[in-house]
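One structure below.
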Amino acid sequence: MTKPVFRFAPSPNGRLHLGHAFSALLNADFARRFGGRFLLRIEDIDITRCRPEFEAAIYDDLAWLGLHWEEPVRRQSEHFADYHVAFQELKGRGGVYPCFCTRKDIAETIACREAESGEAWPRDPDGAPLYPGTCRAMPAAEAERRIAAGEPHAWRLHMAALEQLVPGPLRFRRFDREGREDTVTAQPRRWGDAVIVRKEIPTSYHLSVVVDDALQGVTHVVRGQDLEAATDLHVLLQALLDLPTPRYHHHGLLRDPEGDKLAKSRRSKSLDEFRAEGATPQAIWRRLGFEP
């Protein structure tokens, strides 16, 4: 029987905090209890923000916690070719289109339409306005000309076309900490025509994580609730690319005294700072609800 495979996949764009520690420990705990494997993956596609010293700190912090993972560690920045192959498959099926809009272009279009209708523009699960479809119907010849001229562009999912390519409903299995499962229906349309290849990076989080999970044989994805809605897009991409769909568990988020989720951008207290104050790995484990 194939062993279940879990993974912890941080981005090296800052120091790990308690929220990362919880997710890593939870993945390792699931792997232990289910008799599975525990992988570490470095999600560093954003080469403008990710730094070697933060990657080294990830290994150091996790080792300090007492975690062990399989080698070699997959680093996304070394596998852009894998993501390009997947993108080309999506492109060949007519599921994507180039978008030349800037953020300013999109904001101005939405503001205009809101003024005309008197209603708020719809937003995706993360709270961002849905793309208004400006480039969706652009003639192929014009798009090719602009691409050949070197004009910056992203690639977006053509959600209406994809509904014809992959008729729903799309479902995935969700599990809890006791191993109980239920079935959830994905709702990718609520994301609109999401970006699948960014202007400045030849992939996106959604595309690379789906490809990585498949190539690494990940069977169980354990991550925070802030990524729960993204599973809609991941299940859609898995269906389009004929990839297996893992089981998913989205754990609660750790929050600071003000109620905000812990985040690098908010300079949440890092594991390194706890270590400097004399905290032990056992104390961190217990603080996060795990038995050392």
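The values are calculated or read from the model by the stated rules, or taken from the named source; none is laboratory data. A quick note: this is a predicted structure, and the numbers were derived from the prediction, not measured. Don't worry about glycine lacking a Cβ; one is built from the backbone with ideal geometry, like all the others, and counts go over all protein chains shown.
Within segment 272-292, residues that are within 22 Å of Gly14 (Cβ to Cβ) reach partners that are among the basic types (Lys, Arg) with beta carbons closer than 6 Å, at six or more positions or on different chains, in the pairs Asp272/Arg15. May I ask you to verify whether Asp213 is closer than 25 Å to Asp176 by Cα, touching a residue at least 40 places away in the same chain (Cβ under 8 Å) and not β-branched (Val, Ile, Thr)? When the stated conditions are applied, Asp213 passes them. If you go through segment 93-126 and keep only what is assigned to a loop (DSSP other than H, G, I, E, B) and either at pLDDT 95 or above or among the acidic types (Asp, Glu) (or both), you end up with Phe100, Cys101, Thr102, Gly118, Glu119, Ala120, Trp121, Pro122, Asp124, Pro125, Asp126.
Filter segment 132-191 down to the residues that are on the phi > 0 side of the Ramachandran plot and either in contact (Cβ under 8 Å) with a residue 24 or more places away in the chain or in contact with a Cys (Cβ under 7 Å, 6 or more places away or on another chain) (or both) and list them by number.
Here is the first cut: in segment 132-191, the residues on the phi > 0 side of the Ramachandran plot are 133, 150, 179.
Of everything in segment 132-191, those that are on the phi > 0 side of the Ramachandran plot and either in contact (Cβ under 8 Å) with a residue 24 or more places away in the chain or in contact with a Cys (Cβ under 7 Å, 6 or more places away or on another chain) (or both) turn out to be Gly133, Gly179.
Return a yes/no flag: does segment 162-180 have any residue that is more than 19 Å from the chain's Cα centre (by Cα), among the hydrophobic types (A, V, I, L, M, F, W, C) and assigned to a helix (DSSP H, G or I).
Yes; the residues of segment 162-180 include at least one that is more than 19 Å from the chain's Cα centre (by Cα), among the hydrophobic types (A, V, I, L, M, F, W, C) and assigned to a helix (DSSP H, G or I).
Please state which one of Leu240, Leu207 is closer than 30 Å to Pro98 by Cβ and assigned by TED's automatic domain parsing to the domain that holds Val85. Step by step, each of Leu240, Leu207 is checked, and only Leu207 is closer than 30 Å to Pro98 by Cβ and assigned by TED's automatic domain parsing to the domain that holds Val85.
Yes/no matrix, rows are residues, columns are (1) in a helix (DSSP H, G or I); (2) in contact (Cβ under 8 Å) with a residue 40 or more places away in the chain:
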| site | (1), (2) |
| --- | --- |
| Phe6 | no, yes |
| Phe22 | yes, yes |
| Asn27 | yes, yes |
| Phe38 | no, no |
| Phe54 | yes, yes |
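The set of residues from segment 235-292 being modelled with pLDDT of 95 or more, of a type outside the set (D, E, K, R) and surrounded by fewer than 12 Cβ atoms within 10 Å (Cβ to Cβ) comprises Pro244, Gly252, Ala276, Gly278, Gly289.
Identify all residues within segment 181-210 that are hydrophobic (A, V, I, L, M, F, W, C) and within 11 Å of the chain's Cα centre (by Cα); write none if there are none. So that I can check it myself, show each step before the final result.
Just the residues of segment 181-210 that are hydrophobic (A, V, I, L, M, F, W, C), to begin with: 184, 186, 191, 194-197, 201, 207, 209-210.
Leu207, Val209, Val210, listed by residue number.
Inspect all residues belonging to segment 182-195 and state whether any of them is surrounded by 16 or more Cβ atoms within 10 Å (Cβ to Cβ), within 20 Å of Cys99 (Cβ to Cβ) and among the β-branched types (Val, Ile, Thr). The answer is yes, given that some residue of segment 182-195 is surrounded by 16 or more Cβ atoms within 10 Å (Cβ to Cβ), within 20 Å of Cys99 (Cβ to Cβ) and among the β-branched types (Val, Ile, Thr).
Considering each of Ser204, Ser208 in turn, give the residue that is of a type in the set (S, T, N, Q), closer than 30 Å to Lys3 by Cβ, buried (at least 17 other Cβ atoms within 10 Å of the Cβ) and in contact with a strand residue (DSSP E or B) (Cβ under 9 Å, 6 or more places away or on another chain). Explain how you work it out, then say what you get.
Details: Ser208 fails: in contact with a strand residue (DSSP E or B) (Cβ under 9 Å, 6 or more places away or on another chain).
Exactly one residue qualifies, and that residue is Ser204.
Looking across segment 127-144, the residues that are touching a helix residue (DSSP H, G or I) at 6+ places or on another chain (Cβ under 9 Å) and either of a type in the set (Val, Ile, Thr) or not in a loop (DSSP other than H, G, I, E, B) (or both) come down to Pro129, Thr134. Within segment 141-157, one or more residues are over 30 Å from Ala186 (Cβ atoms) and among the β-branched types (Val, Ile, Thr).
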